[in-house]
Amino acid sequence: LIVSDCKPVDYDHYEGRRGIGDVRQAVREAKRSGVKTLALAIDTQASDHLAQMFGQRGFRILPDGKSLARAMARLHEHLLCR
């Protein structure tokens, strides 16, 4: 589970295409290792770059910060019932 502002910016102050590519590669490497990822974002403007980084089904956009606790609780229940 990735909880972040979901903006592909590093301490080196690069962003945009390079940042998106780095995140996308990290997600690919995690998948190859058997690690599933899911990004939760509270930014309705972020869907374009989120899809590029995490794939169409690899993220959820929450309507507001109050929704984060509820989304995490649902995810936790889902994981426990597997």
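Quick notes on this one:
- Residues satisfying the criterion are absent from segment 58-75 (criterion: on the phi > 0 side of the Ramachandran plot, open to solvent by less than 100 Å² (accessible area, probe 1.4 Å) and more than 13 Å from the chain's Cα centre (by Cα)).
- Matching residues, segment 39-56, being under 16 Å from R28 (Cα atoms) and out of contact with any helix residue (DSSP H, G or I) (no Cβ under 9 Å at 6 or more places or on another chain): L50, A51, Q56
Residues are listed down the side, and each one gets a yes or a no for (1) within 22 Å of A73 (Cβ to Cβ); (2) out of contact with any Pro (no Cβ under 8 Å at 6 or more places or on another chain):
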site: D5; (1), (2): yes, yes
site: R24; (1), (2): no, yes
site: E29; (1), (2): no, yes
site: T37; (1), (2): yes, yes
site: A41; (1), (2): yes, yes
site: H49; (1), (2): no, no
site: M53; (1), (2): no, no
site: Q56; (1), (2): no, yes
site: F59; (1), (2): yes, yes
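- Considering segment 1-26, and only residues there that are modelled with pLDDT of 85 or more and more than 12 Å from the chain's Cα centre (by Cα), the residue that is most open to solvent (accessible area, probe 1.4 Å) turns out to be D22.
- Selected residue (criterion: least open to solvent (accessible area, probe 1.4 Å)) from residues of segment 27-49 that are assigned to a helix (DSSP H, G or I) and hydroxyl-bearing (S, T, Y): S47
The values are calculated or read from the model by the stated rules, or taken from the named source; none is laboratory data. Remember, it's a predicted structure, so these values are computed and weren't measured experimentally. Reconstructed Cβ throughout: ideal geometry from the backbone, glycine too, with neighbour counts over all protein chains shown. These accessible areas exclude ligands, DNA and RNA; they are computed on the full protein's heavy atoms, side chains included. Shrake-Rupley method; radii C 1.70, N 1.55, O 1.52, S 1.80 Å.
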